[in-house]
Amino acid sequence: MEQRINFFAKGQAAMKALYGLSIYLSKSSLEKNLLHLVEYRVSQINGCAYCLDMHSKDLLAEGESAQRLFVMDAWREAPFYTDRERAALAWAESVTVLTAGNVPDSVYQQARKQFSEEELIDLTMAVLTINNYNRLNVAFRTPAGSYKVGEHAVK
C-alpha cells in the first residue's frame, strides 16, 4: 500500500490545531498510560495500523504488559483491566462508534463513577483527538512499522 500524502510533512499548518489538542491532553490529570490504552483501543476500532504500531511501542516502553495489549479487543472478558480502565474503554468505544446516534446512559454512568466531570471531558477530547489522527492516517495511508518510541512525544 502506497502512502497518498505525508500529512505530517505537507500539512503542518493544518496539523497545528490537532497538535494543540495533544499538548492540552499531555497536561491533563488523566494518567498517561490510560490515555495510551484508549488511543490503542480506538485505533483498533478504526483499523489504523500506524497508530497501533505507535501506541503499542509506547505502551510497551512504558512497562505495559504484552498480554493486556494482545487481548485488548476482548477487554470485557479479560480479568486484568481496572474498573477505571474498563470505564474509559467503554466510553472510548461508545464515543467512537455512535450506535443509534448516542452514547448509552449506562456507559455514561459507568464513566461518571470513575471520572470527574473535568476528567470525562478530557477523556472525550482524547477520544476525539485519536479519532482525528486515525482518520488522517487511514485516509492518506501512512505506512506502519517505522515509528520509534517517543517520536511524536509532545514537548
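The values are calculated or read from the model by the stated rules, or taken from the named source; none is laboratory data. What you see is a predicted model, and the numbers here were worked out from it, not measured in a lab. Don't worry about glycine lacking a Cβ; one is built from the backbone with ideal geometry, like all the others, and counts go over all protein chains shown.
Is at least one residue of segment 97-110 of a type outside the set (Lys, Arg), modelled with pLDDT of 95 or more and either under 23 Å from Lys148 (Cα atoms) or in contact with a Leu (Cβ under 9 Å, 6 or more places away or on another chain) (or both)?
Yes.
Output the helices (runs of 4 or more DSSP H) that fall wholly within segment 1-75 and possess 2 or more residues being surrounded by 11 or more Cβ atoms within 10 Å (Cβ to Cβ), of a type in the set (A, V, I, L, M) and on the phi < 0 side of the Ramachandran plot, or say none.
Hits in segment 1-75: 12-26, 32-46, 49-61.
Within segment 77-93, how many residues turn out to be within 15 Å of Tyr40 (Cα to Cα) and free of Cβ contacts under 8 Å to residues at least 24 places away in the same chain?
Total satisfying the criteria: 2.
How many residues are crowded, with 16+ Cβ neighbours inside 10 Å and of a type in the set (A, V, I, L, M) when one looks only at segment 129-155?
3
Could you run through segment 90-117 and say how many residues are surrounded by fewer than 11 Cβ atoms within 10 Å (Cβ to Cβ) and part of a helix (DSSP H, G or I)?
Matching residues across segment 90-117 total 8.
Check off (1) modelled with pLDDT of 95 or more; (2) in a helix (DSSP H, G or I); (3) loosely packed, with under 11 Cβ neighbours inside 10 Å for Leu120 and give me the number that stays unchecked.
If we test Leu120 against (1) modelled with pLDDT of 95 or more; (2) in a helix (DSSP H, G or I); (3) loosely packed, with under 11 Cβ neighbours inside 10 Å, just (3) comes out false.
Only one of (1) within 13 Å of the chain's Cα centre (by Cα); (2) among the small types (Gly, Ala, Ser); (3) farther than 23 Å from Asn137 by Cβ is not met by Ala78, so which one is it?
(1) is the only condition that Ala78 fails.
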